[in-house]
Amino acid sequence: MTAADHGASTRGAQERIERLSRSVWRIAVPVYTLPPFDHTNAYLIVDAGVAVLVDPGSAESAALDLLDEALRRAGSPRLSQVVITHSHPDHVDGVGPVLARTAEPAVAVHALEADRLPPEWPRALVAEGDTTKVGEVTLSYLHTPGHSPGHLTIVVTEPDGAIIALAGDLVAAEGSVWVGLPDGDMAQYLTSLKRIVATGAGLVGAGHGPAIRSVESRLAEMADHRLERERQVVGALADSSLTARQITEKVYPPLPQPVLELAVKSVEAHLVKLEGEARVRRTDSLVGTSESTYTLA
């Protein structure tokens, strides 16, 4: 590597590693994920020479080098545990090589996500209300489904009382996150946003993009976005019975095919919520298929 290459590499690491608080570091790991993002955030929680790593999303050498650099900047703590918010590939693909480095070689995961992991990975199941100590820092686990069934939010309480919530793919500082079938549940998602606000966190670490510092207003904005889309779905059914795909084509602008398919799955999640609230109903017996036709109840 030339001196120029080393300088560019150092600048890249500086841009991708951010200290958010006394104990929490954000590492923007380059991965293939949903646009507009080109990275997944891994997090280090560090205190008293010990570290927990959340969501190592890539096994590529560049990503592992970035993790090593973050550990070095954090004082070279002993890596004691790997935790994942949920099992989607862009959050777990780096778990395998990282487990080999940990003092506790098992990935902490909710039971509803555990069976989605490679069978050779040992698991340490965590559930709502469980806690872990990292030095004087306390990690508490909230079960916050909506994006995926066993999604966890890790609530970090520092010795001075500061609270940071690491909320994975439930939140984003800009734009929206994907909530769609089969993993997504729109009603649970909206409830989970309220639960994150209720933690009193002054900062929320997102799965992608920068941290959220105006927590209550930003999460209210995200909920309002979903409720506005819900109103559009209901409005599309005002005059006729439609499938999820037909609704999508009415309420979204023209989309590239891969993005359109994701939008259809998101509209399906809205329809499942509305059906559960007896606000829409199916007009056929094609339960569980994307070809079902819906009308207002």
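For (1) outside the structural domain of Gly150 (by TED's automatic domain parsing); (2) over 21 Å from Val156 (Cα atoms); (3) touching a His at 6+ places or on another chain (Cβ under 7 Å), each residue gets a yes or a no:
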position: Gly49; (1), (2), (3): no, no, no
position: Gly57; (1), (2), (3): no, no, yes
position: Gly75; (1), (2), (3): no, no, no
position: Ile84; (1), (2), (3): no, no, yes
position: His88; (1), (2), (3): no, yes, no
position: His91; (1), (2), (3): no, no, no
position: Ala103; (1), (2), (3): no, no, no
position: Arg116; (1), (2), (3): no, yes, no
position: Glu128; (1), (2), (3): no, no, yes
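Among residues of the range 262-274 that are in contact (Cβ under 8 Å) with a residue 60 or more places away in the chain, those with a Cβ under 7 angstrom from a residue that is among the β-branched types (Val, Ile, Thr) and not in a helix (DSSP H, G or I), sequence gap 6+ or separate chain, pair up as Ser266/Val179; Ala269/Val179. Only residues that are crowded, with 16+ Cβ neighbours inside 10 Å and under 30 Å from Leu203 (Cβ atoms) were counted in the range 224-252, giving 3.
Answer yes or no: is there a residue in the range 174-183 that is on the phi > 0 side of the Ramachandran plot and small (Gly, Ala, Ser). Looking for residues that are on the phi > 0 side of the Ramachandran plot and small (Gly, Ala, Ser), one finds at least one in the range 174-183, hence yes.
Identify the single condition in (1) closer than 19 Å to Ala187 by Cβ; (2) out of contact with any strand residue (DSSP E or B) (no Cβ under 8 Å at 6 or more places or on another chain); (3) hydrophobic (A, V, I, L, M, F, W, C) that Leu260 does not satisfy, given that it satisfies every other one. All conditions pass for Leu260, except number (1). Of all residues in the range 87-111, those that are of a type in the set (A, V, I, L, M, F, W, C) and surrounded by fewer than 18 Cβ atoms within 10 Å (Cβ to Cβ) total 4.
Using the structure shown, decide if Lys250 is farther than 30 Å from Val156 by Cβ and under 19 Å from the mean Cα position of the chain (by Cα). Outline the logic, then answer.
Numbers: farther than 30 Å from Val156 by Cβ: yes; under 19 Å from the mean Cα position of the chain (by Cα): no.
For Lys250, the condition - farther than 30 Å from Val156 by Cβ and under 19 Å from the mean Cα position of the chain (by Cα) - is not met.
When the range 85-113 is filtered for residues that are assigned to a loop (DSSP other than H, G, I, E, B) and within 17 Å of the chain's Cα centre (by Cα), the ones remaining, listed by number, are Thr85, His86, Ser87, His88, Asp93, Gly94, His110.
None of Leu203, Leu255, Leu181 is surrounded by 13 or more Cβ atoms within 10 Å (Cβ to Cβ) and farther than 27 Å from Leu112 by Cβ except Leu255. Among the residues of the range 210-228, the ones that are under 18 Å from Val155 (Cβ atoms), assigned to a helix (DSSP H, G or I) and not hydrophobic (A, V, I, L, M, F, W, C) come to 2 in all.
Of note, Val215 satisfies the criterion of being modelled with pLDDT of 95 or more and either in contact with an Asp or Glu (Cβ under 6 Å, 6 or more places away or on another chain) or within 20 Å of His147 (Cβ to Cβ) (or both). Of the residues that make up the range 119-132, is at least one without any contact (Cβ under 8 Å) to a residue 60 or more places away in the chain, in contact with a strand residue (DSSP E or B) (Cβ under 7 Å, 6 or more places away or on another chain) and acidic (Asp, Glu)? Within the range 119-132 (the criterion being without any contact (Cβ under 8 Å) to a residue 60 or more places away in the chain, in contact with a strand residue (DSSP E or B) (Cβ under 7 Å, 6 or more places away or on another chain) and acidic (Asp, Glu)), the answer is yes, since at least one residue qualifies.
The values are calculated or read from the model by the stated rules, or taken from the named source; none is laboratory data. In this text, all values refer to a predicted model and were calculated from it rather than measured experimentally. In this analysis, Cβ positions are derived from the backbone assuming ideal geometry, glycine residues included, and neighbour counts consider all displayed protein chains.
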